[in-house]
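Heads up, the thing below is written out as structure tokens.
The values are calculated or read from the model by the stated rules, or taken from the named source; none is laboratory data. From a predicted model like this one, the values you see are computed outputs, not experimental measurements. Glycine gets a Cβ as well: all are built from the backbone with ideal geometry, and neighbour counts include every protein chain shown. For accessibility, only protein heavy atoms count, side chains too; no ligands or nucleic acids. Shrake-Rupley method; radii C 1.70, N 1.55, O 1.52, S 1.80 Å.
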Amino acid sequence: MDDLTRFCCLNPDCPDHGRRGHGNLTVCMRYGARQQYRLLYCTTCQARFSERKGTPLFDARLPRDKLLSALAHIADGCGVRQTARLVGVSKDAVSRLGRLAGRHARQLHDELVAFSPLDHARPAR
């Protein structure tokens, strides 16, 4: 049985959009060279989407270990050329991954900070 509690429907028109662990998702198929990725199906709106959709790893063609290694080097402050050399990928791949990861991190930060319970609990000054 697949654990889908950390996923939610990504269709903005779905009544269950953004509700994690709601029980409306199932795995309708697997894909990839080794069938390692899941295609999820929302029983509420009948939308299908990859488990990687909405992440910097979506539509990535590099192996997972190289992706994670490149992201770790970028997070440690390595430059694009140095990261490309250390991981064994092109500069363009590192630049693309850095842009995607940065955009994703910004969206996640904005979402978490905008709805932080600490912001609503603070008294006005």
Which numbered condition Gly77 misses (of (1) of a type outside the set (Lys, Arg); (2) modelled with pLDDT of 85 or more; (3) surrounded by 10 or more Cβ atoms within 10 Å (Cβ to Cβ)): (3)
Hey, Val94 over 18 Å from the mean Cα position of the chain (by Cα) and either buried (at least 17 other Cβ atoms within 10 Å of the Cβ) or in contact (Cβ under 8 Å) with a residue 24 or more places away in the chain (or both) or not: no
Tabulated pairs, segment 52-73, first farther than 16 Å from His104 by Cβ, second hydroxyl-bearing (Ser, Thr, Tyr) and surrounded by 15 or more Cβ atoms within 10 Å (Cβ to Cβ), C-beta under 9 angstrom, 6+ apart or interchain: Ser69/Thr83; His73/Thr83
Count of residues meeting criterion [more than 15 Å from Gln46 (Cα to Cα) and touching a Phe, Trp or Tyr at 6+ places or on another chain (Cβ under 6 Å)] in segment 1-35: 1
Residue that is nearest to Arg64 (Cα to Cα) [pool: residues in segment 3-15 that are open to solvent by 60 Å² or more (accessible area, probe 1.4 Å) and not basic (Lys, Arg)]: Asp3
Failed condition for Val89, given (1) closer than 23 Å to Leu10 by Cβ; (2) open to solvent by less than 60 Å² (accessible area, probe 1.4 Å): (1)
Some residue of segment 16-38 being in contact (Cβ under 8 Å) with a residue 12 or more places away in the chain and open to solvent by 90 Å² or more (accessible area, probe 1.4 Å): yes
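Evaluate the following for Val113: is it part of a helix (DSSP H, G or I) and open to solvent by 60 Å² or more (accessible area, probe 1.4 Å)? Let's see the steps before the verdict.
Numbers: part of a helix (DSSP H, G or I): yes; open to solvent by 60 Å² or more (accessible area, probe 1.4 Å): yes.
Yes; evaluated as a whole, the condition is true for this residue.
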Whichever residue in segment 39-74 is modelled with pLDDT under 90 and of a type in the set (Lys, Arg) and, among such residues, is farthest from the chain's Cα centre (by Cα): Arg61
